[in-house]
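Take a look at the structure below.
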Amino acid sequence: MSTHVPLPSERSFGLTFVGFFALVAAWQAWAGRPAVAGILGGAAALTLLVTLVRPLLLRPLNRTWMKFGALMHAVVNPIVLGAMFFVVLAPIGIVMRLFGRDALRRRLDPQAPSYWVRRDPPGPAPDSLPNQF
């Protein structure tokens, strides 16, 4: 399933990278690497110039960056969600089963006349919820 994600404007894309290059350049200058800071500062200045004068020149980079983001989403999202499931949710479920907890009340009881759960106090009146859909 592929959904179309609109590209951000080339100007906002360019300004984002100007900020990124400037921050990394400042960090490198603070770390005592003036050559790297100068290169990154030059990249920030060049990107700012292109962003302000001809932002359409950034369109191929903008598209490539968004495709890279989509690729990262396709790879990282299942890994992170899988890790969350197996590290957090599965152990909680295992511990609950070991202690006999049935949070969803799924155990069958042949003697039960109904599986309906009565609320005490009862919920809102049916006429207080008009036009739900």
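The values are calculated or read from the model by the stated rules, or taken from the named source; none is laboratory data. Given the structure is predicted, the values throughout are model-derived calculations rather than measurements. So basically every Cβ, Gly included, is an ideal-geometry build from the backbone, and we count neighbours across all protein chains shown. Only protein heavy atoms, including side chains, enter the accessible area calculation; ligands, DNA and RNA are left aside. Shrake-Rupley method; radii C 1.70, N 1.55, O 1.52, S 1.80 Å.
A few comments on the model shown:
- Check on T16, touching a Gly at 6+ places or on another chain (Cβ under 8 Å) and either closer than 25 Å to V5 by Cα or open to solvent by 90 Å² or more (accessible area, probe 1.4 Å) (or both): no
- On the stretch given as segment 109-133, residues that are open to solvent by 100 Å² or more (accessible area, probe 1.4 Å) and on the phi < 0 side of the Ramachandran plot total 13.
- Remark: pairs (first residue in segment 55-74, part of a helix (DSSP H, G or I); second residue of a type outside the set (D, E) and open to solvent by less than 90 Å² (accessible area, probe 1.4 Å); Cβ separation under 6 Å; 6+ apart in sequence or on different chains) = P55/G14; L57/V50; L58/F13; L58/G14; N62/L7; N62/F13; M66/L7.
- Qualifying residue in segment 38-49 (condition: in a loop (DSSP other than H, G, I, E, B) and either open to solvent by 70 Å² or more (accessible area, probe 1.4 Å) or small (G, A, S) (or both)): no
- From S9, S2, residue being closer than 15 Å to R63 by Cα and either at pLDDT 95 or above or hydroxyl-bearing (S, T, Y) (or both): S9
- Test: residue in segment 75-82 that is within 27 Å of S9 (Cβ to Cβ), within 32 Å of the chain's Cα centre (by Cα), in a helix (DSSP H, G or I) and in contact (Cβ under 8 Å) with a residue 24 or more places away in the chain: no
- Residues within segment 50-65 that are open to solvent by 40 Å² or more (accessible area, probe 1.4 Å) and touching a Phe, Trp or Tyr at 6+ places or on another chain (Cβ under 9 Å), tallied: 3
- Residue count, segment 95-108 (criterion: in a helix (DSSP H, G or I) and open to solvent by 100 Å² or more (accessible area, probe 1.4 Å)): 2
- Condition broken by P8, with the remaining ones in (1) in contact (Cβ under 8 Å) with a residue 24 or more places away in the chain; (2) in a helix (DSSP H, G or I) satisfied: (2)
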